[in-house]
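Report on the structure given below.
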Amino acid sequence: CGGSISSSSGMLQSPFYPGSYPNNADCMWEIQVENNFRVMLMFREILMQSSRCQYDYIEVYDGPPHSSPLLGRVCSGSFPTFISSSNMMTVRFHSDSNYTFGGFLAHYSSIPADQNTTLLCLPDYMHAVVSRDYLESQGYSAQMVTLNNSSCMPTVTSQEVIFNIPYDGCGTTQEENDDTINYSNMIKITSSGNIIKRKKNIHLHISCKMLHNTWMKVMYAAEDTIDLQENQFGRYDLNITFYDSSSFLQQVHNSPYYVDLNQNLYLQAYLHSSDPNLSVFVDTCVASPDPQDFNTLAYNIIKDGCVQDSSYTTYNSPSSHFARFKFNAFEFMNHHSLVYLRCELVVCRLQDHSSHCYRGCARRSKRDTSSAEEKVSVVVGPLQLREGSAQSSRTG
């Protein structure tokens, strides 16, 4: 019932389909396909309580559920098709406490977006591309395309005009709202002729907006006769690496990483971003013998910023983009010799004293979005006990 989906195509269906769905169900699917593709959702069957879709219904959102427009609410009748304006779509299924029916079956697929303009929010810069074929079809040339800050020049190829725009340069502005960090710039397409202009100037606004768990990428045109708009969604680039000592000089590349019981394990989390005004905080680290299941058999090392294992220690980091910490190879490994870690890292604005990065051990409700931050999950491992260590543990 619900979940995150990243494959290019597949099926969605109500719980127990084609049998009757349960009462009081609330399922949410977030479909995210590749950049510069759209999501197309086609319903094949809908059998639900149909009284104006008040009680049992399906909602389709054009992006994340809490910040995107509703494309439609359906419960019966014809089988509609919905197409997103970005590479993300959310589908919600809801049923009340009365009556059940057969539910719904739908198929989703990814279709190429309009390639006239494309936008990628990469870790270090915004990658914006304008097609030269498109420019020429509208009566513009590549020489008419500039960034608002004219000192940052594009790369012009035989087919494209390409801008790589850093988050901390070329006139990029930063703005913080309640739950987003917005990076914005503007590409200008200026028609020739200083006195008589046959065409309007096009202002192509580019924004990378960081929301909870996602980067939202927006490209739109203002005061023009041509509608140019791109919306994309992505993720922060974060990783965690084992090191052999507290000096954090030598990485451990072995997989699995063979360790002894009570051996100190040193880890470093790193955020790859050109924005210097971000910081990283280790929110949660959980160990499990199953890399797909961190709930059934799990050992909490730190949870919601609150230390659960007495051996957990943090270290000073070279910059706010790093978080360094250590813990011991715990007794948990005596029963499960192969162990994986899942760590959830929080990215916050630097000097934002209301953020989780500064509050530290502070459990909060899901709807607490008072500061702009994102939580990202990273799975590392496995760790494996050395045979000698396991044998001495058993004989002991």
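The values are calculated or read from the model by the stated rules, or taken from the named source; none is laboratory data. Note that the coordinates shown come from a computational prediction; the quantities given were computed from them, not determined experimentally. Cβ placement follows ideal geometry from the backbone for every residue including glycine, while neighbour counts extend to all protein chains displayed. The area values use the complete protein model at the heavy-atom level, side chains included, leaving out ligands, DNA and RNA. Shrake-Rupley method; radii C 1.70, N 1.55, O 1.52, S 1.80 Å.
Structural remarks
- Some residue of segment 45-59 being among the acidic types (D, E) and open to solvent by 40 Å² or more (accessible area, probe 1.4 Å): yes
- Members of segment 85-101 that are in contact with a Gly (Cβ under 7 Å, 6 or more places away or on another chain) and in a loop (DSSP other than H, G, I, E, B): S86
- Looking across segment 158-170, the residues that are out of contact with any helix residue (DSSP H, G or I) (no Cβ under 8 Å at 6 or more places or on another chain) and open to solvent by less than 50 Å² (accessible area, probe 1.4 Å) come down to I162, F163, I165, P166, Y167, G169, C170.
- Pairs, first closer than 15 Å to Q49 by Cα in segment 3-30, second hydroxyl-bearing (S, T, Y) and open to solvent by 40 Å² or more (accessible area, probe 1.4 Å), C-beta under 6 Å, six or more apart: S20/T100; Y21/T100; N23/S97; N24/S97
- Given (1) under 30 Å from Y258 (Cβ atoms); (2) out of contact with any strand residue (DSSP E or B) (no Cβ under 6 Å at 6 or more places or on another chain); (3) modelled with pLDDT of 90 or more, index of the condition S319 fails: (1)
- Counted residues, segment 14-34 - those being under 19 Å from Y61 (Cβ atoms) and surrounded by 16 or more Cβ atoms within 10 Å (Cβ to Cβ): 9
- For first residues located in segment 137-162 and free of Cβ contacts under 8 Å to residues at least 40 places away in the same chain and closer than 12 Å to I189 by Cβ, partners that are aromatic (F, W, Y) and not in a loop (DSSP other than H, G, I, E, B) and lie 6+ apart or on another chain with Cβ distances below 6 Å form the pairs P154/F163.
- Check on D283, among the acidic types (D, E) and part of a loop (DSSP other than H, G, I, E, B): no
- Test: L105 is modelled with pLDDT of 90 or more, open to solvent by 10 Å² or more (accessible area, probe 1.4 Å) and under 23 Å from S9 (Cα atoms): yes
- Taking first residues from segment 253-275 that are free of Cβ contacts under 8 Å to residues at least 12 places away in the same chain and partners that are surrounded by 18 or more Cβ atoms within 10 Å (Cβ to Cβ), the Cβ contacts under 9 Å between residues at least 6 apart in sequence or on separate chains come to H253/F242; N254/F242.
- Total residues in segment 304-332, condition open to solvent by 60 Å² or more (accessible area, probe 1.4 Å) and either among the β-branched types (V, I, T) or under 27 Å from D275 (Cα atoms) (or both): 5
- S85 free of Cβ contacts under 8 Å to residues at least 12 places away in the same chain and either of a type in the set (G, A, S) or open to solvent by 30 Å² or more (accessible area, probe 1.4 Å) (or both): no
- Of residues in segment 19-40 being of a type in the set (A, V, I, L, M, F, W, C) and in a strand (DSSP E or B), the one nearest to L120 (Cα to Cα): F37
- The sole residue among Y270, Y266 that is modelled with pLDDT of 80 or more, open to solvent by 60 Å² or more (accessible area, probe 1.4 Å) and among the hydroxyl-bearing types (S, T, Y) is Y270.
- Matching entry among F43, F16 (being in the same structural domain as V91 (by the TED database), assigned to a loop (DSSP other than H, G, I, E, B) and either of a type in the set (D, E, K, R) or modelled with pLDDT of 90 or more (or both)): F16
- Residue count for segment 258-276, restricted to those that are over 23 Å from the mean Cα position of the chain (by Cα) and in a loop (DSSP other than H, G, I, E, B): 4
- Reported count of residues in segment 61-85, each being over 21 Å from P18 (Cβ atoms) and either in contact with a helix residue (DSSP H, G or I) (Cβ under 8 Å, 6 or more places away or on another chain) or of a type outside the set (S, T, Y) (or both), is 12.
Each row is one residue, and each column tells you yes or no for (1) in contact with a Cys (Cβ under 8 Å, 6 or more places away or on another chain); (2) at pLDDT below 85; (3) part of a strand (DSSP E or B); (4) closer than 30 Å to L47 by Cα.
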position: D114; (1), (2), (3), (4): no, yes, no, no
position: P123; (1), (2), (3), (4): no, yes, no, no
position: Y134; (1), (2), (3), (4): no, yes, no, no
position: N149; (1), (2), (3), (4): yes, no, no, no
position: C152; (1), (2), (3), (4): yes, no, no, no
position: V161; (1), (2), (3), (4): no, no, yes, no
position: D168; (1), (2), (3), (4): no, no, no, no
